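A short write-up of the structure that comes next.
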Amino acid sequence: MSITILVSAIMLAVALLMLFPFMLMVVTSFKTMGEIQSPTFSFIPHKWMFQNYVLAMSKGDWLRYFYNSFVITVITVVASLVLNSMAGYAFARLRFPGRDILFFSVLIGIMVPSQVTMIPTFLMMKKFPLTGGNDLFGAGGVGLINSYAGLIFPFVAGSFGIFLCRQFFLTFPRALDEAAQIDGASTLRVFYQIYLPLSKPVLATLGIFKTTATWNDYMWPLIMTNSEQMRTVQLGLTMFRGETSVEWNLLMAATTLVVLPLMLLFLFAQKYFVQGIVTTGLKA
């Protein structure tokens with residue numbers, strides 16, 4: 001019993017330590033700039049400035065920023081779940097020539113840093129044929145720059161998502177495929193009617209990872225957009241940083257609102273997320 005209490009106490013201490021930056025962000029969002037810059041630190045605000053949230057949202061078109069991030073994230077996540085699950089199913093359950101070589105190529109994609117592919121991807125988006133004033137050969141216009149498509153296309157699929165789905169589908173017994181084939185089900189029908197309904201854990205796990213990465217992405221929207229109407233929430237946060245000063249209270253207020261959707265998503269999907277982490281990678 002004493003060991004259980006000790007382990008619980010250690011886990012609680014670690015949890016509080018990890019939550020401290022978030023709690024500090026929230027309480028800072030209610031402080032005045034004078035209190036933040038005071039040489040004497042106080043965790044609890046002397047005066048709770050709830051109007052900081054109103055002031056933060058009044059700077060810039062935040063409804064548009066949230067709308068842009070929401071559209072980009074939803075489309076990217078849905079398309080990613082469909083494509084990655086289908087690719088993972090093919091690598092795990094189907095036999096075709098060159099399967100192992102193709103999967104090895106996918107694994108190489110995990111090892112390549114995103115910074116290496118950023119410039120080639122940007123040039124591909126800029127020279128995308130028949131878009132943004134481009135001709136058939138990708139010349140004459142801006143392509144997919146400053147568009148939803150340019151922010152979505154490079155991230156609808158990924159090596160990690162394919163690998164995660166493949167490892168999960170490997171846990172299913174081979175008898176499941178054989179029973180479906182005896183009943184006359186096609187490969188596509190087996191995937192959509194048998195495997196996909198049983199894949200909530202891995203899809204929730206991948207969905208949380210993909211949503212967090214897309215919602216928090218700063219570098220790619222910064223490169224691909226050049227107008228106020230296409231800004232995302234992460235770009236919107238930069239308006240609180242000046243050349244010589246930072247409005248920390250307003251920045252923390254806006255950051256708290258930006259983080260809130262991700263927290264709600266995790267709370268609703270944590271059951272499947274934990275289950276997916278536990279089961280993925282265990283081969284039957």
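Data table
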read-out: Options V190, V258, V246; residue that is buried (at least 19 other Cβ atoms within 10 Å of the Cβ) and at pLDDT below 90; value: V190
read-out: Counted residues, segment 142-173 - those being farther than 18 Å from V78 by Cα and either aliphatic (A, V, I, L, M) or open to solvent by less than 20 Å² (accessible area, probe 1.4 Å) (or both); value: 7
read-out: Among residues of segment 142-196, those that are farther than 24 Å from I101 by Cβ and not in a helix (DSSP H, G or I), counted; value: 12
read-out: S199 open to solvent by 50 Å² or more (accessible area, probe 1.4 Å) and either within 16 Å of the chain's Cα centre (by Cα) or hydroxyl-bearing (S, T, Y) (or both); value: no
read-out: Whichever residue in segment 202-243 is assigned to a helix (DSSP H, G or I) and charged (D, E, K, R) and, among such residues, is surrounded by the fewest Cβ atoms within 10 Å (Cβ to Cβ); value: E228
read-out: Candidate set: segment 1-48, residues that are part of a loop (DSSP other than H, G, I, E, B), under 26 Å from M263 (Cα atoms) and among the β-branched types (V, I, T); chosen: the one least open to solvent (accessible area, probe 1.4 Å); value: T32
read-out: Test: T225 is within 21 Å of N146 (Cβ to Cβ), β-branched (V, I, T) and touching a residue at least 60 places away in the same chain (Cβ under 8 Å); value: yes
read-out: Residues of segment 13-30 classified as farther than 30 Å from Q51 by Cα and either touching a residue at least 60 places away in the same chain (Cβ under 8 Å) or over 27 Å from the mean Cα position of the chain (by Cα) (or both), total; value: 1
read-out: Those residues of segment 124-141 which are part of a loop (DSSP other than H, G, I, E, B) and among the charged types (D, E, K, R), in sequence order; value: K127, D135
read-out: Leading residue by the ranking (nearest to W220 (Cα to Cα)) among those in segment 103-141 that are aromatic (F, W, Y) and open to solvent by 30 Å² or more (accessible area, probe 1.4 Å); value: F122
read-out: Cβ pairs under 7 Å, 6+ apart, first in segment 41-57 and on the phi < 0 side of the Ramachandran plot, second basic (K, R); value: P45/K31; M49/K31
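The values are calculated or read from the model by the stated rules, or taken from the named source; none is laboratory data. Please read all numbers here as calculations on a predicted model, not as lab measurements. Cβ: placed from backbone, ideal geometry, glycine included. Neighbour counts: every protein chain shown. Note: accessible area is taken over every heavy atom of the protein model, side chains too, but ligands, DNA and RNA are not part of it. Shrake-Rupley method; radii C 1.70, N 1.55, O 1.52, S 1.80 Å.
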